Amino acid sequence: MSLCAGEQSTATVAFYNSGSFGWVAGRMGESAYLGTWAPEPGQDRPSKLGGDGYLGTPNTAWPRTNRVAVQPAAYVGPGQVAWFRFAVQAPAAPGLYRLHVRPLIEGTGWMEDQGVFWQVIVRNADGAIPPPPPAPPTPSAAPPSPSPAPAPVETTTVFASYYGPGFYGNRTACGQVMTTTLQGVAHRTLPCGTVVQLSYGDRSVGVPVVDRGPFIPDREFDLTIATKIALGCPDLCQVVWAR
């Protein structure tokens, strides 16, 4: 999500009951909730993105500061799906925030962690996207032996998302077949086959342009799922583009 300070938006996530017991709303030990989880904000910790007005969190009608949502139906049986909906409110300070959630049966225990989280970009007052946080300092190393100075490299920090589901088996605009193993990116203007160097954290890849896109403002690249995994990016991330 990309929000202005104080703005609210609705998040929706579906969880499938793969167990042998039903989830019963309002009954301790049988009712399913979404709880806040690690690493941000941490297990059972209040989030800056929501809550019920306590501990400095905005009023988003969450059941509690550490409970994001409760099951929407009175009963969710084995093999059924529950669609959890909850509000997210952007805090006043611009920046990048994450909300990790995990399902649990209240009073009984946590269910499997599926790695579900929301990433919320809070824009500056002028609507601009704030710069990414500075990279942590790296330990100093021994100076290398003298060598010719390399050509200067221009780097730009840009937003990238991923795509692929729904297109597997189809041909891209550059003629490749979209698969889960295709390495590449979609870009609006770069010629097909142009190799782009992208970095996220301590990972870097050089992959070709294989398609056209993305078609969402403020995003420079759409990553194939194989490229997303190689970089270790979440669904939306800020990558460093070296050119």
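A compact table of results
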| read-out | value |
| --- | --- |
| Failed condition for Thr181, given (1) open to solvent by less than 10 Å² (accessible area, probe 1.4 Å); (2) at negative phi | (1) |
| Residue match in the stretch 94-103 (condition: free of Cβ contacts under 8 Å to residues at least 24 places away in the same chain and surrounded by fewer than 16 Cβ atoms within 10 Å (Cβ to Cβ)) | no |
| Subset of the stretch 5-21 (residues that are farther than 21 Å from Gly109 by Cβ and open to solvent by less than 30 Å² (accessible area, probe 1.4 Å)) | Ala11 |
| Extreme residue, farthest from Ile216 (Cα to Cα), among residues of the stretch 1-57 that are of a type in the set (A, V, I, L, M) and part of a strand (DSSP E or B) | Val24 |
| Hits in the stretch 58-80 (condition: more than 14 Å from Thr36 (Cα to Cα) and in a loop (DSSP other than H, G, I, E, B)) | Pro58, Thr60, Ala61, Gln71, Pro72, Ala73, Ala74, Gly77, Pro78, Gly79, Gln80 |
| Residue among Ala90, Ala61, Ala73 that is open to solvent by 60 Å² or more (accessible area, probe 1.4 Å) and not polar (S, T, N, Q) | Ala61 |
| Strands (runs of 3 or more DSSP E) contained in the stretch 170-243 and holding at least 3 residues aliphatic (A, V, I, L, M) and touching a residue at least 24 places away in the same chain (Cβ under 8 Å) | 203-211, 236-242 |
| Exclusive hit being under 17 Å from Leu99 (Cα atoms), touching a strand residue (DSSP E or B) at 6+ places or on another chain (Cβ under 8 Å) and open to solvent by 10 Å² or more (accessible area, probe 1.4 Å), set Ser47, Ser2 | Ser2 |
| Test result for Thr10, of a type outside the set (Gly, Ala, Ser) and modelled with pLDDT under 90 | no |
| Residue within the stretch 81-90 that is modelled with pLDDT of 90 or more and part of a loop (DSSP other than H, G, I, E, B) present | yes |
| Residue among Ile129, Ile121 that alone is in contact with an Asp or Glu (Cβ under 8 Å, 6 or more places away or on another chain) and either open to solvent by less than 30 Å² (accessible area, probe 1.4 Å) or in a loop (DSSP other than H, G, I, E, B) (or both) | Ile129 |
| Top-ranked residue of the stretch 104-118 - restricted to ones that are of a type in the set (A, V, I, L, M, F, W, C) and assigned to a strand (DSSP E or B), ranked as surrounded by the most Cβ atoms within 10 Å (Cβ to Cβ) | Trp118 |
| Residue check for Gly79: surrounded by fewer than 16 Cβ atoms within 10 Å (Cβ to Cβ) and farther than 17 Å from Val120 by Cβ | yes |
| Condition met for Val24 (more than 26 Å from Pro234 (Cβ to Cβ) and either touching a residue at least 12 places away in the same chain (Cβ under 8 Å) or open to solvent by less than 80 Å² (accessible area, probe 1.4 Å) (or both)) | yes |
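The values are calculated or read from the model by the stated rules, or taken from the named source; none is laboratory data. Values in this document were obtained by computation on a predicted structure and should not be read as measured data. Positions of Cβ are generated from backbone atoms using ideal geometry, with glycine treated the same way; all protein chains shown enter the neighbour counts. Side chains are part of the model used for accessible areas, which takes the heavy atoms of the whole protein and leaves out ligands, DNA and RNA. Shrake-Rupley method; radii C 1.70, N 1.55, O 1.52, S 1.80 Å.
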